[in-house]
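No lab work stands behind these numbers, since they all come straight from the coordinates. These figures come from a predicted structure and were not determined experimentally. Don't worry about glycine lacking a Cβ; one is built from the backbone with ideal geometry, like all the others, and counts go over all protein chains shown.
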């Protein structure tokens, strides 16, 4: 038998395996993502000195002078805010209920999506100019900051973040049922992200925030003007 010319049955066998491999890979890739409804698998970035499991979520109290920001206007970089990140797939929708009592300038709490120190977004309520504002900071090397008055109860609200195919969609809800758009923006494409609760108090310590009703799923895929 010549080594250069193996029997036909061996060639056919190799061909079948080669054809089967991509099919199996596609099947594995298409496996549904599990629904995550707990923050227990999250990892802290800058864990606060005081926090505990509470009401199916977590309650956290901010340390002094905590913040997330990169360069723009102020010239400094801060990565000291509190963030509890849950690992996602390459596309996802995550939502969260946030309850807090904001008192001092820049007190803030909400949701964060993060790749690393230079690429992240945070969105939620932030106290600015004497009132609670709906705030989002998108950072890709440098930070921006967008705010608008929040007319519902800032002490009890929901945030939702969807990331898919290089696009970030942020939504807010006063009741967990209706979700108007906050922001639509480009966002870095990655194989996975971290998402979860975020809170900071750049000017003080002691903001107590309760984060509950966490839900992480495949992206909802809803029309941009579908507010459900």
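Springs between alpha-carbon pairs under 10 angstrom, Gaussian network model over the chain: which of 125, 58, 98 fluctuates most? Sorting by GNM fluctuation, first place goes to 58. Structure remark: mean-square fluctuation, Gaussian network model of the chain, C-alpha springs under 10 Å; the largest value among 105, 138, 210 belongs to 105. Pairwise Cα distances in the chain exceed 33 Å in 23 percent of cases.
Mean residue ellipticity, 222 nm, helices only, the chain: the sum of -39500 (n - 2.57) across DSSP H runs of n ≥ 4, divided by residue count and rounded to 500, is -3500 deg cm²/dmol. The percentage of C-alpha pairs in segment 60-166 whose separation is greater than 21 Å is 34%. Our summary gives the chain a relative contact order of 28 percent, counting only alpha carbon pairs under 8 angstrom and 6 or more residues apart. Considering only 52, 183, 215, the Gaussian network model of the chain with Cα springs below 10 Å gives its largest mean-square fluctuation to 52.
Computed from Cα atoms, the angle from the helix 8-29 axis to the main principal axis of the chain rounds to 10 degrees. Taking label points 7 Å from Cα along the Cα-to-Cβ direction, residue 152 and residue 104 give a separation of 2.9 nm.
Given a Förster radius of 25 Å and the C-beta distance between residue 227 and residue 144 as r, what FRET efficiency does 1/(1 + (r/R0)^6) yield to the nearest 0.05? The formula returns an efficiency of 0.50 here.
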